[in-house]
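Participant: I'd like to ask some things about the structure below.
All of the numbers you see were taken from the coordinates with simple rules; none came from a lab. Bear in mind that the values here come from a model prediction, so they are computed numbers and not experimental data. When we count neighbours, we look across all protein chains shown, and the Cβ atoms used for this are built from the backbone with ideal geometry, even at glycine.
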Amino acid sequence: MLIEEIMEKNVHFVGPESTALEALLITQEKRVRHIPVVEEGKVIGILSDRDLRDVKPSILSPEQDDLLATTKVKDIMRKPVITVHPLDAMEDAARIIYEHKIGCLPVVQNDRLVGIITSTDLLHSLVVVMGVAQPGSHVEIDVPDKPGALLDITRIIKEQGINIISIYVTPGKTENRRTIVLRVGAFDTRAIVDSIVEAGYNMIFPLPKRLYEEHRNE
Amino acid sequence: MNKLPSLIYSPALHAYKFGPDHPFNPLRLELTVDLIEKYGILPAEQKFEPETCELEDILMVHQSNFVHLIEKASQGEASKDLLRPYGLGSDDTPAFPGMFEATKTVLGATLLGAKMIMEGKSDHVFSIGGGLHHGHRNKASGFCILNDAAVAISYLQRKYGLKVAYIDTDAHHGDGVQFIFYDDPTVLTISLHETGRYLFPGTGQVEERGRFEGYGFSVNLPLEAYTEDDSFIELYEQSIEPLLEAFQPDILITQNGCDAHYLDPLTHLAVTTRTFEVIPHIAHRLAHKYCQGRWLALGGGGYDHWRVVPRAWTLLWAEMNDITLPNEIPQEWLQRWQKQSPVSLPLYLRDGENEFPPIPRREIITDKNKVTLQRTMGDAVELIMSRRAC
């Protein structure tokens with residue numbers, strides 16, 4: 001998924017001459033945590049609700065009441081701002097947010113602010129990608145990290161005439177292994193599981209149920 | 001009042017069959033009814049044959065283009081491409097000749113059960129072929145072509161204006177019934193099932209609570225894989241009574257799928273017959289406490305048809321009749337079926353202790369289920385009480 005598909009296009013922003021009070025009111029009314037500072041369409045800084053709270057006088061010192069109203073945004077904003085492009089991928093934005101320990105990224109195209117993406121938006125995309133769009137069962141397989149493993153697994157599923165709803169591959173629990181996680185459009189997954197085991201791969205879930213049968217026959 | 005419970009069954013229900021190797025095998029109905037009969041607790045006056053279901057009753061729940069497609073497919077006049085968008089193109093739920101009539105028999109059986117209760121002929125009815133809880137308004141799914149529970153609930157609403165409590169203890173989430181009545185505050189659906197994170201169909205999360213007017217009237221208790229008796233029973237006991245107390249239903253409908261058993265080949269829960277005694281015992285008590293005894297029990301999933309289904313549903317029928325059965329399975333039943341069975345048939349009605357090797361991670365599984373109970377029950381009772389119709 002690209003940023004342009006998941007970004008929020010209706011961005012609340014302030015100018016450099018705005019006051020901290022104006023910015024604070026926007027965060028409260030619009031229920032946002034970040035406000036880009038924009039001058040002639042360009043993003044020149046950013047403010048978080050935490051930056052604004054730092055300016056807010058303590059309730060113990062009421063004599064500084066007008067500090068918020070007199071402080072200008074340009075004097076407290078953070079810069080330079082890390083931004084992304086609408087054609088960056090979802091995973092790029094996730095990596096940047098994670099590495100820089102920040103909460104959001106303004107989206108900039110032709111030097112102009114066109115959107116914003118927050119860590120919450122990225123989590124929502126994750127829910128969409130991995131979520132349950134249609135009825136299916138969970139299948140998880142441990143495979144060697146070598147060409148053809150994924151092909152083998154998907155071919156087995158195709159041969160059973162079963163549709164794959166979602167799929168992702170994660171690093172395995174040990175070196176040189178991978179875990180393939182699938183959601184398949186099937187109620188009865190026994191035929192898939194048996195074929196995968198027969199092809200020499202290790203099932204993580206579901207495990208074939210033979211254990212119980214053997215125990216009973218002991 | 002001394003009305004006898006009724007069981008609705010005839011071999012006509014065997015026509016609901018997807019093929020010789022398909023896990024949803026009507027042989028399980030025959031095995032179960034035969035075990036009940038060999039125990040000597042099914043006199044002729046308690047056994048009723050299903051009637052068929054009228055099209056108008058079906059169309060109150062299912063969309064007409066979908067129903068007409070099933071009618072065509074039933075006569076072999078629908079291509080795979082036409083069927084696939086309606087959930088009928090897979091090996092799970094394939095179209096078969098005569099499927100419309102077969103499905104109408106299942107629907108008719110459950111509808112007859114509802115009618116018998118409301119017409120005062122029986123307080124408790126077991127529609128053993130029913131429980132097709134994955135059927136959606138316009139889509140077949142998970143071995144279910146249409147939805148008998150939904151058709152019966154809709155009939156009870158239209159004809160009698162009843163508030164219906166539907167409790168689903170099949171290992172799979174009761175998605176069809178839940179979503180058909182998702183906006184409806186007069187139907188409370190409660191489902192205990194293996195978490196959709198692992199098992200089909202994938203829905204049934206704690207956060208699914210209904211919407212609009214119906215918000216608060218869908219309740220889900222997704223259980224961890226490898227959940228055992230104690231934890232299953234704890235969640236059932238702690239949730240059902242307060243929910244019914246808040247909702248004050250007029251009739252109780254239970255879906256009694258028995259695929260949560262540890263021997264079931266298609267799921268990963270690990271309960272024994274103990275759970276299948278507790279479930280109907282509590283349902284029975286609550287039907288009397290809140291619904292003047294009105295209790296319609298349905299079958300459902302259960303794919304170890306030799307060892308699990310006959311015992312689980314015999315225990316259910318015995319509970320309906322207030323009978324405690326001896327633990328020894330009748331010899332006549334064992335003799336009749338052992339030759340055909342690929343596994344050795346159980347000698348006892350109830351599972352013993354230590355039937356299977358200890359479950360690893362039992363403690364954390366139990367703890368996770370407790371947290372699920374807390375999350376689900378949080379404000380569930382208050383929500384129902386503040387929003388229910390009087």
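Participant: Answer rounded, prolate or oblate for the stretch B:20-168, using the Cα gyration tensor with square roots of eigenvalues a ≥ b ≥ c: rounded when a/c is under 1.5, else prolate when a/b is larger than b/c, else oblate.
Facilitator: oblate
Participant: Another question, if that's okay. Given H placed on each backbone N at 1.01 Å, which residues far from B:Ser6 in sequence or on other chains put an amide H within less than 5 Å of it?
Facilitator: Those lying under 5 Å, H to H, from B:Ser6 are B:His124, B:Val125, B:Phe126.
Participant: Right, something else. Applying the Karplus parametrisation 6.51 cos²θ - 1.76 cosθ + 1.60 with θ = phi - 60° to the phi angles of the stretch B:262-273, what ³J(HN,Hα) value in whole Hz is obtained for each residue in order, glycine and proline being reported as x?
Facilitator: Working through the residues one at a time gives 5, 7, 4, x, 10, 10, 10, 7, 9, 8, 10, 4 Hz.
Participant: Return the FRET efficiency for the residue pair B:Glu234, A:Asp66: r is the Cβ-Cβ distance, R0 is 51 Å, and the value is rounded to the nearest 0.05.
Facilitator: Working from the Cβ atoms, E equals 0.30.
Participant: Something else: Mind checking the full-extension length gain between A:Lys42 and A:Tyr98? Use 0.36 nm per residue of separation minus the Cα-Cα distance, one decimal, nm.
Facilitator: My answer for the length gained is 17.7 nm.
Participant: Also, I was wondering about something else. So who's got an amide H within less than 5 Å of the one on A:Val114, skipping anything under 5 residues away but keeping other chains? H placed 1.01 Å off N, in plane.
Facilitator: A:Val107, A:Val108, A:Gln109
Participant: Check B:Phe143: other-chain or 5+ apart residues with amide H under 5 Å from its amide H, H built from backbone geometry?
Facilitator: When sequence neighbours closer than 5 places are left aside, the close amide H contacts are B:Thr93.
Participant: Have a look at B:Asp250, B:Asp230, B:Asp123 and tell me which one the Gaussian network model of chain B (Cα, springs below 10 Å) gives the largest fluctuation.
Facilitator: Looking only at B:Asp250, B:Asp230, B:Asp123, the largest GNM fluctuation is found for B:Asp230.
Participant: With r as the distance between the Cβ atoms of A:Leu207 and B:Lys289 and R0 = 35 Å, compute the FRET efficiency 1/(1 + (r/R0)^6) and round to 0.05.
Facilitator: Between B:Lys289 and A:Leu207 the formula returns 0.25.
Participant: Mind telling me which of B:Trp306, B:Trp337, B:Trp317 comes out most flexible in a GNM of chain B, alpha-carbon contacts under 10 Å?
Facilitator: B:Trp337
Participant: Here is the link list: A:Lys42/A:Lys101; A:Lys173/B:Lys139; A:Lys56/A:Lys101; A:Lys209/B:Lys139; A:Lys101/A:Lys158. Which ones come out longer than 32 Å on Cα distance?
Facilitator: A:Lys173/B:Lys139; A:Lys101/A:Lys158
Participant: Considering the options B:Ala297, B:Ile167, A:Ile153, tell which one lies farthest towards the positive end of the dipole of the protein assembly as shown, charges being +1 on Lys and Arg and -1 on Asp and Glu at the Cβ, about the Cα centre.
Facilitator: Farthest towards the positive pole: A:Ile153.
Participant: While we're here: Convert each backbone phi in the stretch B:160-177 into a coupling constant with the Karplus relation 6.51 cos²θ - 1.76 cosθ + 1.60 (shift: θ = phi - 60°), then list the ³J(HN,Hα) values in order as whole Hz, x for Gly and Pro.
Facilitator: Here the 3J(HN,Hα) series is 10, x, 7, 9, 10, 9, 10, 10, 10, 10, 4, 5, 9, 4, x, 5, x, 5 Hz.
Participant: I've got another one for you. Using mean Cβ contacts within 10 Å as the protection proxy, how do A:154-164, B:110-120 order, highest first?
Facilitator: Descending mean neighbour count gives B:110-120, A:154-164.
Participant: Can you give the net charge of the other residues whose Cβ lies under 11 Å from the Cβ of A:Ile156, counting K and R as +1 and D and E as -1?
Facilitator: Value of the local net charge: -2.
Participant: Turning to a different aspect of this structure: If Lys and Arg each add +1 and Asp and Glu each add -1, what is the summed charge of the other residues whose beta carbon sits under 9 Å from the beta carbon of B:Thr366?
Facilitator: Residues close to B:Thr366 contribute a combined charge of -3.
Participant: From the phi angles alone, apply the Karplus equation (6.51, -1.76, 1.60; θ = phi - 60°) to the stretch B:16-25 and give each ³J(HN,Hα) in whole Hz, x where the residue is Gly or Pro.
Facilitator: With coefficients 6.51, -1.76 and 1.60, one gets 7, 8, 8, x, x, 9, 6, x, 7, 9 Hz.
Participant: Let me ask you something else. With n ≥ 4 as the cut-off for DSSP H runs, can you work out [θ] at 222 nm for the protein assembly as shown, using -39500 (n - 2.57) per run divided by the number of residues, rounded to the nearest 500?
Facilitator: -11000 deg cm²/dmol
Participant: Ok, one more. Let me spell out the model: positive unit charges on the Cβ of Lys and Arg, negative unit charges on the Cβ of Asp and Glu, origin at the Cα centre of the stretch A:3-127. What dipole size does that give, in debye rounded to 20?
Facilitator: 160 debye
Participant: Continuing with this model, one more query. State the answer as a single residue: which of B:Trp317, B:Phe232, B:Leu13 lies farthest towards the positive end of the charge dipole of chain B, with beta carbon charges of +1 for Lys and Arg and -1 for Asp and Glu, about the Cα centre.
Facilitator: B:Leu13
Participant: Which whole-number percent gives the relative contact order of chain B, counting Cα pairs below 8 Å spaced six or more residues apart?
Facilitator: For chain B, the relative contact order is 18 percent.
Participant: Extension gain B:Arg350-B:Asp81, at 0.36 nm per residue separation less the Cα-Cα distance, in nm?
Facilitator: 92.2 nm
Participant: Under 10 Å, Cα contacts only: if you run a Gaussian network model on chain B, which one of B:Ser122, B:Ser239, B:Ser79 comes out with the highest mean-square fluctuation?
Facilitator: B:Ser79
Participant: Average partner chain C-beta neighbours within 10 Å, per residue of A:136-142?
Facilitator: 4
Participant: Using the basic label-point model (7 angstrom from Cα toward the beta carbon), what is the B:Thr366 to A:His12 distance in nanometres?
Facilitator: Result for the modelled spin labels: 4.9 nm.
Participant: Also: With +1 assigned to the C-beta of every Lys and Arg and -1 to the C-beta of every Asp and Glu, and no other charges, what is the dipole magnitude of the stretch B:230-329 about the Cα centre in debye, to the nearest 20?
Facilitator: Using Cβ point charges on Lys, Arg, Asp and Glu, the stretch B:230-329 gives about 200 debye.
Participant: Return the lysines within reach of B:Lys289: Cα separation strictly under 23 angstrom, same-chain partners fewer than 8 residues apart disregarded; answer none if there are no such residues.
Facilitator: Partners within reach: B:Lys3, B:Lys115, B:Lys121, B:Lys163.
Participant: Could I ask something else about it? Say R0 is 45 Å: what FRET efficiency, to the nearest 0.05, do B:Tyr160 and B:Glu71 get from their beta-carbon distance?
Facilitator: The calculated FRET efficiency here is 0.95.
Participant: Quick check on the stretch B:6-387: take the gyration tensor over C-alpha atoms, sort the square-rooted eigenvalues as a ≥ b ≥ c, and tell me if it's rounded (a/c under 1.5), prolate or oblate.
Facilitator: rounded
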